[in-house]
Amino acid sequence: DMGSKLLCLFLASVILAYYIYSPIPGDFDEPWKVMLISTTFRTFERLAEVAEYLGLKNYMDILILITNIEYVTPKSDENVTVTDTEFNNVAVRLYVPRKASDGLRRAVVYFHGGGWCVGDLGMKSYDHLTRRTSDMLNAVVVSVNYRLAPKYHFPIQFEDVYSVTKFFLQSSVLSQYGVDPDRVCVAGDSAGGNLAAAVAQQLLEDPEVKTKLKIQALLYPPLQALDLNLPSYQENENKPILSKSLMVRFWSEYFTSDLSLREAMISNRHVPVESSHLFQFVNWSNLLPEEIKKDHVYISPTYGSSKLVQKYPGFLDPRASPLLASDAQLQKLPLTYILTCQHDVLRDDGFMYARRLQTVGIPVTHDHAKDAFHAAMMFVSFPAELAVGHRLFNRYIEWLNENL
């Protein structure tokens with residue numbers, strides 16, 4: 001009847017108003033656009049929670065709807081030839097520039113974000129990003145579609161991107177695409193940045209791979225699953241796109257759908273005392289600059305039961321938490337680009353990795369965007385186009401152009 005419809009409309013309006021007026025930090029440009037983006041994502045998250053609570057659908061299945069809505073088929077244009085194919089039985093989208101090249105081209109192997117659970121290389125935002133990368137750098141871009149959680153858990157995602165990278169780095173494959181073996185990069189954003197960092201580390205240990213990466217580019221990456229209460233997790237618990245609870249959910253789903261791991265992670269009690277030596281690699285009190293630490297005080301970890309790590313050893317594996325690599329391993333890494341955003345739960349992971357790499361002598365360019373939130377670079381195409389997204393993307397391309 002009319003009354004219940006009005007009540008529904010009223011409730012919907014209250015919820016919308018609550019979202020729109022959820023605080024947006026003062027230093028964001030285009031605050032209305034940011035509110036719109038934030039509201040859209042929160043609405044999907046709430047829908048996912050309700051659907052899961054009612055037993056209708058898994059939480060991630062609802063978030064994957066965003067991926068599906070954004071999906072575009074491979075389409076070549078006047079600048080770039082685009083094709084979907086497979087490397088080593090893993091789906092990839094290839095971008096090959098059409099303009100003539102003086103010699104061999106550069107190449108970027110790119111891994112999309114989405115918390116290892118959502119996302120697709122065919123999303124409009126990723127297609128736009130990888131296509132423009134190919135065009136602007138006159139580079140071959142290999143964008144990788146790895147299998148996702150919760151259907152597949154660690155190390156499947158890592159193994160998929162690793163096998164594509166290893167396949168592509170074979171001299172016969174590089175020459176097939178006219179790629180210079182001395183000018184190959186791995187890159188990725190968010191969970192893709194985590195995978196790129198892990199791939200770069202693993203390649204150093206692999207005697208079968210003769211081609212060395214020239215650079216790695218990590219865009220707001222998660223790099224450790226040990227301490228999920230860093231200053232950035234505390235300060236940005238409810239900032240746009242990636243809340244602390246969603247990031248903890250992504251981390252735990254990467255390893256298992258068993259709720260006990262997620263519950264331990266949300267209270268930051270998932271690491272057992274026998275793994276306490278690993279905290280030296282993520283001790284933010286030693287690794288963060290003063291202006292990021294502010295008035296936060298480092299509290300020693302509260303240890304959890306050993307059962308979790310026995311069942312799900314992945315969360316202490318450097319292939320999932322690249323910050324756990326020793327200094328000796330980090331010393332061999334290539335030139336590195338790291339982007340962090342101030343209003344992002346993952347900010348401090350990037351800061352700590354930059355610091356550790358610099359300490360062992362790796363040249364690092366660390367760009368820190370004080371006016372940006374997680375995934376800001378994705379918003380470079382209609383409908384939610386952000387000036388900050390364009391700025392970060394152009395800076396990343398500029399750096400690649402100078403260094404690759």
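The values are calculated or read from the model by the stated rules, or taken from the named source; none is laboratory data. Quantities reported herein were computed from a predicted structural model and do not represent experimental measurements. Quick reminder, even Gly has a Cβ in these numbers, built from the backbone with ideal geometry, and neighbours come from all protein chains shown. Remember, those area values only see protein heavy atoms, side chains included, never the ligands or the DNA or RNA. Shrake-Rupley method; radii C 1.70, N 1.55, O 1.52, S 1.80 Å.
Here are the numbers for this structure:
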| item | result |
| --- | --- |
| Residue match in region 148-164 (condition: farther than 25 Å from F255 by Cα and at pLDDT 95 or above) | no |
| Residue that is farthest from T130 (Cα to Cα), among those in region 53-105 that are surrounded by 13 or more Cβ atoms within 10 Å (Cβ to Cβ) and basic (K, R) | K57 |
| Elements of type helices (runs of 4 or more DSSP H) in region 152-219, at least 1 residues being surrounded by 22 or more Cβ atoms within 10 Å (Cβ to Cβ) | 156-168, 191-204 |
| Check on V72, in contact with a Lys or Arg (Cβ under 7 Å, 6 or more places away or on another chain), modelled with pLDDT of 85 or more and under 30 Å from E253 (Cβ atoms) | yes |
| Cβ pairs under 8 Å, 6+ apart, first in region 20-40 and at positive phi, second modelled with pLDDT of 80 or more | E30/L386; E30/A387; E30/V388 |
| Yes/no for N194 being under 18 Å from N268 (Cα atoms) and of a type in the set (S, T, N, Q) | no |
| H270, sole failed condition from (1) within 30 Å of N58 (Cα to Cα); (2) part of a helix (DSSP H, G or I) | (2) |
| Those residues of region 95-136 which are without any contact (Cβ under 8 Å) to a residue 60 or more places away in the chain and in a strand (DSSP E or B), in sequence order | Y95, P97, M123 |
| Selection from region 55-103 of residues that are touching a Pro at 6+ places or on another chain (Cβ under 7 Å) and among the hydrophobic types (A, V, I, L, M, F, W, C) | M60, V80, V82 |
| Filter result (of a type in the set (S, T, N, Q) and either within 22 Å of Y298 (Cα to Cα) or surrounded by fewer than 24 Cβ atoms within 10 Å (Cβ to Cβ) (or both)) within region 234-252 | Q234, N236, N238, S243, S245 |
| Any helices (runs of 4 or more DSSP H) falling wholly within region 278-374 and containing at least 3 residues that are surrounded by 16 or more Cβ atoms within 10 Å (Cβ to Cβ) | 347-359 |
| Condition met for F255 (closer than 18 Å to L346 by Cα, touching a Leu at 6+ places or on another chain (Cβ under 9 Å) and open to solvent by 10 Å² or more (accessible area, probe 1.4 Å)) | no |
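Quick grid of which residues meet (1) touching a strand residue (DSSP E or B) at 6+ places or on another chain (Cβ under 6 Å); (2) closer than 21 Å to N88 by Cα:
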| position | (1), (2) |
| --- | --- |
| W116 | no, yes |
| L129 | no, no |
| T165 | yes, yes |
| P181 | no, yes |
| C185 | yes, yes |
